[in-house]
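S.K.: Have a look at this one before I ask anything.
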Amino acid sequence: MLSQMRALLLLLTGLLLIESAPAQPLSSYVQDTCPDDCFALAENGRVVSIVASRADDPVVLRAIEDLAADLERVTGRRPVVHYDTWPAEPSLVVGSLAHSPLIRELVETGQLAPGEIEGRWEAFLLQVVPDVRGADRLVIAGSDPRGTVFGIYDLSRAMGVSPWYWWADVPVPHRPALYVARTLRRTDYPRVRYRGLFINDEAPALSGWAYEKFGGFNHRFYARVFELILRLKGNFLWPAMWGRSLFEEDSLNIPTAARYGIVIGTSHHEPMLRAHVEWQWHGKGPWDYTKNAATLQAFWREGIRRMKHNEAIVTVGMRGDGDEPMSEETAIELLERIIRDQRRILAEETGRDPSEIPQAWTIYKEVQDYYEKGMRVPEDITIVFTDDNWGNVRLLPPPGSPPRKGGYGMYYHFDYVGAPRSYKWINTVQIERTWEQMRLTYRHGVDRIWVVNVGDIKPMELPLTFFMDMAWDPERFTAADLPRYYERWAAEQFGPRYAAEIATLLATYTKYNARRKPELLDADTYSLHHYREFARVVADYRALAARAQALFSRMPAAYRDAFYQLVAYPVMASANLYEMYHALALNRLYARQRRAATNRMAEKVRRLFARDAELAAYYNHVMGAGRWNHMMDQPRIGYTSWDDPDENIMPEIETIAVPDTALPAVAVEGQPDTWPGPDVPAALPVFDDLTRPVHYLEVFNRGRQPFRFRIQTESPGLAFSATEGEVTEQQRIQVTVDWAQVPPGAAQLVFYVEGPGMRVPVVAPLERIVDRIPPDFEGFVARDGHLAIEAHHFSRQVSAGEARWEVIPNLGRTASAVTPLPVTMRAQAPGADSPRLEYDVLLPAPGRIRVHLYLAPTYNFVNRPGGLRLAVSLDDAPPQLLEVHAADTIPDWRYGRVWMDAVASNVRIVTSEHEITRPGPHTLKLWAVDGGVVVERIVIDTGGLRPSYLGPPESPFVRNRRTHWPPEPEAGSAYPARDTR
C-alpha cells in the first residue's frame with residue numbers, strides 16, 4: 001500500500017511549478033496598498049496594537065486573542081494588546097457597547113455613533129475614528145458580545161484568513177502591509193437569530209479522526225468546532241450524538257462553549273438537553289411517558305440543572321427511542337402534557353418564566369402529523385420545520401401567518417442516514433438548490449433558527465460556508481450572484497489567480513454529484529444504449545478530473561493539501577466511481593454478448609475499485625502527513641439497502657471462458673442485441689440532415705483468434721472510419737452520411753459487415769428535416785422522435801405585474817432552471833396575460849405528443865392534495881393544469897415510493913398530452929400557477945423518445961435553417977451566459 005501511495009503522489013504532483021502565493025481574496029475592504037488616505041493596520045514592519053477592556057465579556061476577550069493571532073498569521077508580527085489604556089500610537093479598539101468602558105467613552109464623547117447597530121442582535125460596526133486620545137483608531141464595536149466577535153472575524157476574513165484555515169489547511173497569505181480607508185464605516189447584523197450546524201452520523205470518519213487526534217469529542221475538539229462556527233458567523237450547535245454526549249464525555253465541554261459564546265442545543269429527538277445515549281447510560285425502565293413519567297422527568301430535570309446559566313435552546317417534546325415514532329397513533333394530548341411538564345421543570349430548575357427561555361419543537365418526520373392534526377405549542381416555543389432529509393423543505397407557514405414570539409426555524413440536511421439510501425461520503429450539494437429552498441424558507445417567515453446537518457463537517461466546507469453566509473443575510477444573494485459565489489469562495493481559499501478555474505470545477509462536480517448520490521449510483525443508473533448517455537456522463541467527469549489533476553500540478557506547494565481536499569479529491573474520486581460503474585455496466589453487457597473483452601473489462605473494474613482506495617489513502621495518510629486520517633473512511637461502494645456497509649465492497653463482476661477460435665459478431669449503437677442473431681435487422685440510430693450525427697457500430701470477437709472484416713455497401717452517401725481491418729477483441733467503426741450523395745426520397749441506407757462465416761446487414765435510417773423548416777423559423781426542432789429543451793432557453797417571457805419567471809443558473813441535473821417569482825405569490829390563473837414562458841418549436845407530424853416537464857424534487861410544502869401546480873399549453877389551446885404531487889398518496893408524503901424515486905433521481909417528471917393537427921411551427925407555453933415550482937427541462941415525445949436517466953441531449957436550435965447555440969433569454973433575466981453543449 002505504501003508503494004501505491006507513493007506512486008499516486010507522483011501521479012498527482014507531476015512536475016510541480018514553484019509560484020508565488022496568491023495575494024488576497026477578490027474583494028475586501030482591507031487592501032495591500034494605500035492609494036489615498038488610509039488607516040494602516042500594518043506597514044513598514046510594524047503592526048497596529050489592539051486596545052480592549054478587561055471589563056468586557058469573556059467571549060470578546062477570548063476572540064481578541066484570535067484577532068492577535070490572525071494579525072500575526074497575515075503580517076508575521078504579533079500585535080501588543082493593551083487593556084484599559086490608550087496607547088499613544090494608532091490602534092485597533094475592540095469592545096461591546098454594553099460591557100466596554102472604552103467603547104462607551106467613544107459613544108458618550110460623540111466620537112462614535114452606534115446608530116444602526118444599537119439594540120440589534122449580534123450587530124457590529126467597523127469605523128475609523130480620528131484623534132481619539134491623540135491618535136487615530138479603527139474601532140470594532142458590537143451591539144452585544146457576539147456582535148463584537150463577528151466584527152473581529154469579519155476583519156480577519158477581510159485580511160485573508162479563511163474560516164477554513166485550520167479545518168481545511170487553507171494557507172494564510174503573507175501581507176506585510178494592510179490598510180483600510182479612513183472613510184470606512186461598515187455595519188452588519190444577522191437576519192436569522194440562531195445559525196448553526198449539527199454534527200451527525202459522525203462514524204466512522206469524524207469519530208475515527210477525533211479519537212486519534214484529540215482522544216475523543218472533548219473540549220479541545222469542540223474548541224475547534226466552536227471557532228469554526230464563529231468564523232462562519234454562526235452561533236449555534238447541535239453536538240455529535242452517535243453514542244456521544246457533549247455534556248458528559250468531558251466536563252470542560254460546556255464551559256468551553258460558554259467561553260466561545262456558542263449556544264448549545266440538542267437534536268430534534270433529544271429533549272431537555274439530554275443526549276440520546278444518556279438514557280442508555282442512566283435511564284431506568286422504558287422510554288415511555290405513559291409508563292415511566294417520573295423517571296423521565298428526573299432525567300430531564302438533570303439536563304436543565306447542569307446547564308446552569310449557560311446559553312442554550314431547549315428541545316421540547318418527545319419521540320420514540322432512537323429516532324422512532326413515539327407511538328403508533330398520533331397522541332396529541334399526551335405530547336401536549338409532556339411539553340407542559342417539561343416547561344414546569346424549566347421554571348422550577350431555573351427560577352425563570354419558561355416563556356423567557358429559548359425552546360424549540362422540531363416537527364421532524366412523523367412529528368409533523370401532530371402539527372397537521374392541530375397540535376400547537378405555546379407562542380414562545382420556536383416551531384422548527386424540516387426538509388425531507390434530501391434538501392427539499394417539507395412544510396412552511398403560509399405567507400402572511402401571524403407572528404409568533406418564538407418564531408419558526410428550519411432543520412436542513414447535507415448528510416443523511418436513512419431511506420432510500422444513506423449519503424455520507426462526499427459533498428453532493430448544489431448551493432443553488434440550497435439558495436432556492438432557503439430563500440423559500442425565509443420568505444415564508446422562517447428566521448429564528450437555521451440549523452444544518454453536516455455529518456462529519458468535512459467534506460461539506462463549501463455548502464456549509466454558503467449556508468452560514470445565507471443564514472447571516474438570506475437576501476444577500478440573487479440568482480445571478482450564485483455563479484460568482486463559487487469564484488469568491490475559491491478566491492478566499494486559493495487567491496484570485498486560479499479562482500475562475502476552481503469555481504468551474506466546484507460548480508460542475510457538485511452538479512454531477514447532485515444528479516444521483518454516489519451511494520445510489522450503480523451500473524444501471526445511466527443508459528448504455530440510448531443517447532450514448534453513460535459514455536457522455538463518464539467522459540464529462542473524466543475531462544473534469546483531468547482539469548482538476550492538471551490544476552493540482554500547477555498549484556503552489558503550500559496550497560496543495562487544501563486543493564486536494566476541497567477540490568481535487570471530490571472531483572477525482574467521484575469521476576473514478578463513474579468510470580468504475582461504467583466499466584461494470586460494460587462488463588455485464590459484454591458477458592451477455594459473450595465478447596472476448598468481457599474479462600478485460602472485469603479487470604478494469606478491479607483496477608478502478610483499487611484506485612478508489614488509493615485516492616482515499618492519499619487523503620487519509622499522505623496529505624498533510626496524515627493530518628486528516630480517517631476522514632475518508634466512510635464506505636460508498638456496496639450498498640444493498642438504505643444502510644451503509646461496514647466497508648467498501650467490490651462490485652460483482654462477470655468473467656467468461658473465451659474459446660480458442662475466431663468468432664466474429666457485430667453490435668450497433670443503441671441496441672443491446674448482437675448479430676448474427678436476432679431476426680430483426682441491425683439498425684443504427686437515425687441520421688438527419690440538420691445535425692448530421694456520427695453513429696457507430698462495433699465489430700467484436702467472441703474468441704481468442706483474430707479475424708479480418710470488411711464493410712460493403714451499394715448505397716451512395718455512406719462513409720466509414722474504416723472499411724476493413726483485423727480484430728483481436730473489438731473495433732469501433734464510425735458511420736456518417738454525406739447528404740449530397742443520398743438519393744432523393746431515400747428513407748434508409750444499407751451496408752453489410754462481413755467476416756469469417758458472417759454477413760450482417762445494417763440499416764442506417766434517414767430523416768430529412770432541413771426542407772421542412774420555414775425560412776423565417778427560429779426555435780427548437782424535433783428530431784429522432786423527440787424534442788428536448790433546457791428550461792432557461794425560452795423564446796419569450798411574459799410577466800404580469802410582480803409575477804414573473806426567474807432563471808437560477810446551474811441548478812439542476814443538466815443546465816439551469818426556472819422558477820416563478822415571487823415565491824410567496826398568490827396562485828395565478830393560467831391563461832390570457834398571466835405569467836408564462838414561451839418556447840418556439842418545430843414538430844414533424846400531426847398526432848398526439850407527450851410533454852414531460854423535468855422538475856426539481858420539491859416537496860409538497862403547501863400540504864395540499866395535488867401539491868404545487870403549473871400549467872402547459874400548445875399554441876392557443878387552453879392551459880392544462882398539472883398537479884406536481886398528484887401521484888403522491890398520503891404515505892408518499894411521508895417517505896413513500898414516489899418520494900423515494902424523486903429524491904433518488906433528483907427529479908420529478910410530470911406529463912401532459914396534446915393533439916397536433918398540423919406539422920410545422922408551434923409555441924409551447926409554460927404557465928406559472930404556484931410559487932416554489934422549479935422547472936429544469938422540457939422533453940416532448942413525438943413518437944420515438946427512448947428511456948434514459950437525464951433525458952436526451954438538448955435539441956438543435958435553428959435560425960435561418962442553420963443550427964445555432966440556444967438563444968439568450970430576454971434582457972433582464974438572471975441567466976448570465978450560454979451553457980455550452
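S.K.: Of all residues in the stretch 224-257, how many are in a helix (DSSP H, G or I) and either buried (at least 18 other Cβ atoms within 10 Å of the Cβ) or modelled with pLDDT under 95 (or both)?
M.R.: 11
S.K.: Still on this model: Of a type in the set (Ser, Thr, Tyr), part of a strand (DSSP E or B) and touching a residue at least 12 places away in the same chain (Cβ under 8 Å): is that true of residue 858 in this structure?
M.R.: The answer is no for residue 858.
S.K.: Is it the case that some residue within the stretch 683-702 is surrounded by fewer than 14 Cβ atoms within 10 Å (Cβ to Cβ) and in contact with a strand residue (DSSP E or B) (Cβ under 8 Å, 6 or more places away or on another chain)?
M.R.: yes
S.K.: Against the condition in a strand (DSSP E or B), assigned by TED's automatic domain parsing to the domain that holds residue 693, in contact (Cβ under 8 Å) with a residue 40 or more places away in the chain and buried (at least 22 other Cβ atoms within 10 Å of the Cβ), how does residue 760 come out, does it pass?
M.R.: For residue 760, the condition - in a strand (DSSP E or B), assigned by TED's automatic domain parsing to the domain that holds residue 693, in contact (Cβ under 8 Å) with a residue 40 or more places away in the chain and buried (at least 22 other Cβ atoms within 10 Å of the Cβ) - is met.
S.K.: A further question on this structure: Applying the selection to the stretch 275-310, what residues are in contact (Cβ under 8 Å) with a residue 40 or more places away in the chain and touching a His at 6+ places or on another chain (Cβ under 8 Å)?
M.R.: If the condition is that a residue be in contact (Cβ under 8 Å) with a residue 40 or more places away in the chain and touching a His at 6+ places or on another chain (Cβ under 8 Å), then 276 is the only one that fits.
S.K.: Then there's this: What number of residues in the stretch 402-454 are under 16 Å from residue 195 (Cα atoms) and of a type in the set (Gly, Ala, Ser)?
M.R.: 4
Yes/no matrix, rows are residues, columns are (1) modelled with pLDDT under 95; (2) assigned to a loop (DSSP other than H, G, I, E, B); (3) polar (S, T, N, Q):
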{"position": "912", "(1), (2), (3)": "no, no, yes"}
{"position": "927", "(1), (2), (3)": "no, no, no"}
{"position": "937", "(1), (2), (3)": "no, no, no"}
{"position": "946", "(1), (2), (3)": "no, yes, no"}
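S.K.: Restrict the check to the stretch 650-663 and report whether at least one residue is within 35 Å of the chain's Cα centre (by Cα) and surrounded by 18 or more Cβ atoms within 10 Å (Cβ to Cβ).
M.R.: There is at least one residue in the stretch 650-663 that is within 35 Å of the chain's Cα centre (by Cα) and surrounded by 18 or more Cβ atoms within 10 Å (Cβ to Cβ).
S.K.: Quick one: which residue in 409, 391 is in contact with a helix residue (DSSP H, G or I) (Cβ under 8 Å, 6 or more places away or on another chain), of a type outside the set (A, V, I, L, M, F, W, C) and crowded, with 20+ Cβ neighbours inside 10 Å?
M.R.: 391
S.K.: Go through the stretch 441-452 residue by residue and tally those that are surrounded by fewer than 23 Cβ atoms within 10 Å (Cβ to Cβ) and under 21 Å from the mean Cα position of the chain (by Cα).
M.R.: 2
S.K.: I want to confirm something. Restricting to the stretch 276-310 and keeping residues that are surrounded by 15 or more Cβ atoms within 10 Å (Cβ to Cβ) and of a type in the set (Ser, Thr, Tyr), which single residue is modelled with the lowest pLDDT?
M.R.: Step by step, filter the stretch 276-310, then rank; the result is 289.
S.K.: Of the residues in the stretch 921-934, how many are crowded, with 24+ Cβ neighbours inside 10 Å and either in contact with a His (Cβ under 9 Å, 6 or more places away or on another chain) or over 18 Å from residue 792 (Cβ atoms) (or both)?
M.R.: 1
S.K.: Quick one: count up the residues across the stretch 948-967 that are in a loop (DSSP other than H, G, I, E, B), within 33 Å of the chain's Cα centre (by Cα) and either of a type outside the set (D, E, K, R) or outside the structural domain of residue 804 (by TED's automatic domain parsing) (or both).
M.R.: Of the residues in the stretch 948-967, 11 are in a loop (DSSP other than H, G, I, E, B), within 33 Å of the chain's Cα centre (by Cα) and either of a type outside the set (D, E, K, R) or outside the structural domain of residue 804 (by TED's automatic domain parsing) (or both).
S.K.: Identify, from the list 332, 313, the residue that is crowded, with 21+ Cβ neighbours inside 10 Å, within 25 Å of residue 393 (Cα to Cα) and either at pLDDT below 95 or of a type outside the set (Gly, Ala, Ser) (or both).
M.R.: Among 332, 313, only 313 is crowded, with 21+ Cβ neighbours inside 10 Å, within 25 Å of residue 393 (Cα to Cα) and either at pLDDT below 95 or of a type outside the set (Gly, Ala, Ser) (or both).
S.K.: Another question, then. Can you name every residue in the stretch 87-106 that is of a type outside the set (Gly, Ala, Ser) and either touching a Gly at 6+ places or on another chain (Cβ under 6 Å) or surrounded by 16 or more Cβ atoms within 10 Å (Cβ to Cβ) (or both)?
M.R.: 87, 90, 92, 93, 94, 97, 99, 102, 103, 104, 105, 106
S.K.: So which residues in the stretch 822-847 are over 29 Å from residue 959 (Cβ atoms) and either exposed (fewer than 13 other Cβ atoms within 10 Å of the Cβ) or among the hydrophobic types (A, V, I, L, M, F, W, C) (or both), if there are any at all?
M.R.: Within the stretch 822-847, 823, 825, 826, 827, 829, 832 meet the criteria.
S.K.: Quick one: in the stretch 63-86, which of the residues that are of a type outside the set (A, V, I, L, M) and surrounded by 15 or more Cβ atoms within 10 Å (Cβ to Cβ) is farthest from residue 172 (Cα to Cα)?
M.R.: Selected residue: 86.
S.K.: Separate question: Tell me the residue from 787, 811 that is part of a strand (DSSP E or B), touching a residue at least 12 places away in the same chain (Cβ under 8 Å) and outside the structural domain of residue 512 (by TED's automatic domain parsing), please.
M.R.: That would be 787, the only listed residue that is part of a strand (DSSP E or B), touching a residue at least 12 places away in the same chain (Cβ under 8 Å) and outside the structural domain of residue 512 (by TED's automatic domain parsing).
S.K.: Still on this structure, I have one more. Go through the stretch 504-516 and report how many residues are more than 19 Å from residue 857 (Cβ to Cβ) and under 14 Å from the mean Cα position of the chain (by Cα).
M.R.: 5
S.K.: Got a number for residues in the stretch 113-134 being surrounded by 15 or more Cβ atoms within 10 Å (Cβ to Cβ), part of a strand (DSSP E or B) and in contact (Cβ under 8 Å) with a residue 40 or more places away in the chain?
M.R.: The total comes to 6.
Residues checked against (1) touching a strand residue (DSSP E or B) at 6+ places or on another chain (Cβ under 7 Å); (2) not hydroxyl-bearing (Ser, Thr, Tyr):
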{"site": "439", "(1), (2)": "no, yes"}
{"site": "457", "(1), (2)": "yes, yes"}
{"site": "463", "(1), (2)": "no, yes"}
{"site": "485", "(1), (2)": "no, no"}
{"site": "489", "(1), (2)": "no, yes"}
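S.K.: Look through the stretch 423-473, keep the residues that are part of a helix (DSSP H, G or I) and among the acidic types (Asp, Glu), and return whichever of them is farthest from residue 202 (Cα to Cα).
M.R.: Step by step, filter the stretch 423-473, then rank; the result is 436.
S.K.: I've got another one for you. Has the stretch 795-807 got any residue that is surrounded by 15 or more Cβ atoms within 10 Å (Cβ to Cβ), in contact with a helix residue (DSSP H, G or I) (Cβ under 7 Å, 6 or more places away or on another chain), under 30 Å from residue 398 (Cα atoms) and at pLDDT 95 or above?
M.R.: yes
S.K.: While we're looking at this one, here's another question. Identify the residue in the stretch 517-556 that is closer than 18 Å to residue 953 by Cα and under 19 Å from the mean Cα position of the chain (by Cα) and, among all such residues, is surrounded by the fewest Cβ atoms within 10 Å (Cβ to Cβ).
M.R.: 540
S.K.: Counting only residues that are more than 30 Å from residue 896 (Cβ to Cβ) and part of a loop (DSSP other than H, G, I, E, B), how many does the stretch 600-647 have?
M.R.: 8
S.K.: For the stretch 347-370, which residues satisfy the criterion of being free of Cβ contacts under 8 Å to residues at least 40 places away in the same chain, over 27 Å from the mean Cα position of the chain (by Cα) and in a loop (DSSP other than H, G, I, E, B)?
M.R.: Across the stretch 347-370, the qualifying residues are 351, 352, 353.
S.K.: Quick one: residue 372 ticks every box in (1) modelled with pLDDT of 85 or more; (2) farther than 25 Å from residue 390 by Cα; (3) surrounded by fewer than 15 Cβ atoms within 10 Å (Cβ to Cβ); (4) not β-branched (Val, Ile, Thr) except a single one, so which number is it?
M.R.: Single failed check for residue 372: (2).
The values are calculated or read from the model by the stated rules, or taken from the named source; none is laboratory data. Keep in mind the model is a prediction, meaning the values are calculated, not measured. Every residue, glycine as well, gets a Cβ built from its backbone with ideal geometry; the counts of neighbours run over all protein chains shown.
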